[in-house]
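Below: one structure, written as C-alpha cells.
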Amino acid sequence: MKQPGLWHRMDVLARHLTPSMLTLALVIINVVPLHIPGLSRVVPLLPLIAVYHWAVFRPRLLPAYAVFLIGLFQDILTGAPIGVNALVFLAVYGTVLSQKQFFIGKSFFILWLGFSLIAAGAAVFNWLAISILNLTLVEPKTVFFQYLLTLGCFPVIAWAFMRLQRAFLRQV
Amino acid sequence: MARGPRSVSRLVQPIRGLAQRFAFIGLVATAVGLMVLGKADLILMDNLRAHVTDAVAPILEAVSRPADSIAKAVDQVRELTALHKENVRLRLNEARLLQWQAAARRLEAENKNLKSLLNFVPGPEPGFITARVIADAGGAFVHSLILNAGTRDGVAKGQAAMTGEGLVGRVAGVGSRSARILLITDFNSRIPVLVGPNRTRAILAGNNSDSPKLVHFPSGETVSAGDRIVTSGHGGALPPELPIGIVTSVNDGGIGVLPFVQRNRLEYIRLLDFGLAGILSAPSSRPPASGNKKYFRGGRTGNTKKP
C-alpha cells in the first residue's frame with residue numbers, strides 16, 4: 001500500500017484543524033478594540049456561534065477538549081473568572097451533541113432557532129455563574145443586549161462557515 | 001475475514017462512547033474546579049493569565065492596528081461633516097477657557113505664594129509609561145483592557161491608568177510585555193474619591209454600566225449634579241487629585257457618575273508611577289523599588305518622561 005505523501009498529510013491536518021482554529025480566531029477578533037461607542041459592553045459572543053456551528057456539523061473536528069481549551073482562552077483574554085466560559089462552551093457543545101437527531105438535515109432557520117434557545121440558556125448560565133462568583137447581581141440588561149447581538153451575528157458567521165465547510169471540509 | 005473487525009468494532013464502540021462521556025464529564029468538572037480554584041488562589045490564576053496574555057500580545061497588537069486605522073478614517077469623515085458646527089462650538093469654548101486661564105494663572109500664583117509661606121512639602125512627581133490599547137476585552141461581565149507594555153517597561157500592579165481627560169482604571173495584572181487594566185466601570189472596582197467643592201469622602205463603585213455609582217456617601221452631606229469627582233488618595237492605592245468624572249444624577253437609585261473618559265475613544269493610555277505601594281503591598285506583590293529610581297523606571301524609548 002502506498003503511503004500518502006507529506007503534502008497530502010499536511011493538507012488533511014490543516015483541514016482537520018480548521019474548525020478549532022476558526023473558533024480560536026473568533027476569540028481574538030472578539031477583543032479587538034473597534035472604537036464604536038457602547039459596543040464593548042455588549043460585544044457579541046462570537047466564539048459561542050462557532051462552537052454551536054461545529055458541534056452541529058463537524059463535532060469530530062472540534063472535540064470536547066478543544067472546546068474546553070478555547071473556553072479557557074476566552075476566559076483568560078477577556079478577564080472573566082477562569083473556567084466560566086469553558087463551562088458555558090462545554091455545556092452548549094454537550095447540549096447540541098445530545099440533541100443530534102434534532103439538528104440533522106434541518107433548515108437554516110431551524111438551526112438559528114435552536115441557537116437562540118441554546119444561547120439564551122448560555123447567557124442565563126453565564127449571568128448566574130458570574131453573579132455567584134462575585135456575590136453581586138450583574139445588571140441583566142447588558143447581558144440581554146449581548147444575547148440579542150450574538151443572535152444577530154449568527155447568520156453572518158454561520159453563512160461564512162457553511163461556505164467554508166462546503167469548499168474545504170466536504171470529504172472530512 | 002470480514003467478521004473479525006466488525007465484532008471488534010461492536011465491542012469497541014460502546015467503550016469508546018463511555019470513555020468519551022467520561023472525558024466530557026471530566027472536562028466539565030475541571031472547569032468547575034478552576035472556577036473554585038480561581039476564587040481561592042488568585043496569584044496562580046493571575047500568573048496564568050499574565051503568561052497567556054503575554055503570548056498572544058503580539059497577535060493582538062498586529063490585529064488591533066488596522067482596526068485603529070479604520071476607526072480613525074471613520075472619525076475623520078464624521079468630523080468633516082460637522083466642521084462648521086464644531087467651529088462655532090470651539091470659538092465659544094475658547095472664549096470661556098481664556099477666562100478660566102486667567103483665573104488659573106491668578107490661583108497658581110496665589111497658591112505658590114501660600115505654599116512658600118507654609119513651607120509646603122510637595123508630593124512625589126510621577127513618572128509616565130505610555131502604552132497602546134491592544135484589546136478591549138470584556139462584554140457584559142468584565143470591563144478590562146489589555147495594554148502592550150509590561151514589567152519590562154516598568155509597569156507594575158496598582159498603577160493608575162489615565163488619559164488626558166481623567167482616570168481610566170488601574171493595572172490589575174501585568175505580564176512581561178502586556179498589562180491588564182481594570183476599568184473604573186467594572187463591578188470589582190472601588191475607588192476612594194472626593195466629591196464636589198466640599199470634598200466629601202465617598203467610594204466610587206463600578207457596576208458594569210457606563211455610569212458607576214457613589215456609595216458610602218455620608219448622610220447629611222449634600223451632592224448635586226455637576227459636582228466634580230477626583231481620587232482622594234486614601235488607602236494609598238491611587239495618587240490624590242486625579243480627575244474622574246462628574247455627578248450626573250442624584251435620586252433614589254443612587255448617585256450616578258459620568259466618567260470623563262469614554263471607553264470607545266481609548267487608544268493610548270498613560271500609566272502613572274508614583275511609587276505607591278498602598279493596599280497592594282501584600283507579601284505576594286513586589287516591593288516598590290527603592291530610592292529615586294522608582295519614579296523613572298525605564299519605559300519604551302522616549303515615552304517615559306517627567307511632566
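The values are calculated or read from the model by the stated rules, or taken from the named source; none is laboratory data. Quick caveat: nothing in here was measured; it's all calculated off a predicted structure. Note that we place each Cβ from the backbone using ideal geometry, even for glycine, and neighbour counts take in every protein chain shown.
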Exercise. Could you list, in sequence order, the residues of region B:244-274 that are away from chain A (no Cβ under 14 Å) and farther than 17 Å from B:GLY206 by Cβ?
Worked result: B:VAL250, B:ASN251, B:ASP252, B:ARG270, B:LEU271, B:LEU272, B:ASP273, B:PHE274
Exercise. Only one of these conditions is not met by B:LEU80: (1) away from chain A (no Cβ under 11 Å); (2) under 30 Å from B:GLY158 (Cβ atoms); (3) among the aliphatic types (A, V, I, L, M). Which number is it?
Worked result: (2)
For this session: Would you mind stating whether B:ASN87 is without any contact (Cβ under 8 Å) to a residue 60 or more places away in the chain, closer than 29 Å to B:LEU145 by Cβ, part of a helix (DSSP H, G or I) and of a type outside the set (A, V, I, L, M)?
Result: no
Problem set entry | B:ARG270 closer than 22 Å to B:GLN159 by Cα, basic (Lys, Arg) and either crowded, with 20+ Cβ neighbours inside 10 Å or at pLDDT 85 or above (or both) | yes
Exercise. Can you name the condition, by its number, that B:GLU108 falls short on among (1) surrounded by fewer than 21 Cβ atoms within 10 Å (Cβ to Cβ); (2) within 14 Å of another protein chain (Cβ to nearest Cβ)?
Worked result: (2)
Exercise. Out of (1) at pLDDT 90 or above; (2) touching a Phe, Trp or Tyr at 6+ places or on another chain (Cβ under 8 Å), what's the single condition that is false for A:LEU113?
Worked result: (2)
For this session: Report whether or not A:VAL124 is outside any helix (DSSP H, G or I) and under 27 Å from B:ALA137 (Cα atoms).
Result: no
Exercise. Which of the following residues is closer than 20 Å to A:VAL67 by Cβ and surrounded by fewer than 18 Cβ atoms within 10 Å (Cβ to Cβ): B:ARG65, B:ARG21?
Worked result: B:ARG21
Problem set entry | Where A:GLY83 falls short, out of the listed (1) at the interface with chain B (Cβ under 8 Å from one of its Cβ atoms); (2) in contact (Cβ under 8 Å) with a residue 40 or more places away in the chain; (3) touching an Asp or Glu at 6+ places or on another chain (Cβ under 8 Å) | (2)
Problem set entry | Given (1) in contact (Cβ under 8 Å) with a residue 60 or more places away in the chain; (2) more than 13 Å from chain A (Cβ to nearest Cβ); (3) not in a strand (DSSP E or B), index of the condition B:LEU117 fails | (1)
Exercise. Of all residues in region B:167-193, which are farther than 13 Å from B:ILE146 by Cβ, away from chain A (no Cβ under 14 Å) and out of contact with any Leu (no Cβ under 7 Å at 6 or more places or on another chain)?
Worked result: B:SER176, B:PRO192
Exercise. Taking B:ASP46, is it surrounded by 10 or more Cβ atoms within 10 Å (Cβ to Cβ), within 14 Å of another protein chain (Cβ to nearest Cβ), touching a strand residue (DSSP E or B) at 6+ places or on another chain (Cβ under 7 Å) and of a type in the set (Asp, Glu)?
Worked result: yes
Problem set entry | Breaking point among (1) under 25 Å from A:ARG15 (Cα atoms); (2) among the small types (Gly, Ala, Ser); (3) surrounded by 13 or more Cβ atoms within 10 Å (Cβ to Cβ), for A:ALA160 | (3)
Problem set entry | Where a residue in region A:146-172 is modelled with pLDDT under 90 and its partner, wherever it lies, is hydroxyl-bearing (Ser, Thr, Tyr) and in a helix (DSSP H, G or I), with Cβ under 8 Å and at least six apart | A:LEU164/A:THR18; A:PHE168/A:THR18; A:LEU169/A:THR18
For this session: State yes or no: is A:LEU133 hydrophobic (A, V, I, L, M, F, W, C), more than 18 Å from A:TRP54 (Cβ to Cβ), within 12 Å of chain B (Cβ to nearest Cβ) and exposed (fewer than 15 other Cβ atoms within 10 Å of the Cβ)?
Result: no
For this session: Select, from B:ALA62, B:ALA71, B:ALA57, the only residue that is within 20 Å of the chain's Cα centre (by Cα) and within 11 Å of chain A (Cβ to nearest Cβ).
Result: B:ALA57
Problem set entry | Among (1) aliphatic (A, V, I, L, M); (2) in contact with a helix residue (DSSP H, G or I) (Cβ under 9 Å, 6 or more places away or on another chain); (3) closer than 22 Å to B:ASP210 by Cβ - the single one A:LEU97 does not satisfy | (3)
For this session: Please verify whether region A:92-109 includes one or more residues that are surrounded by 22 or more Cβ atoms within 10 Å (Cβ to Cβ), of a type in the set (A, V, I, L, M) and at the interface with chain B (Cβ under 10 Å from one of its Cβ atoms).
Result: no
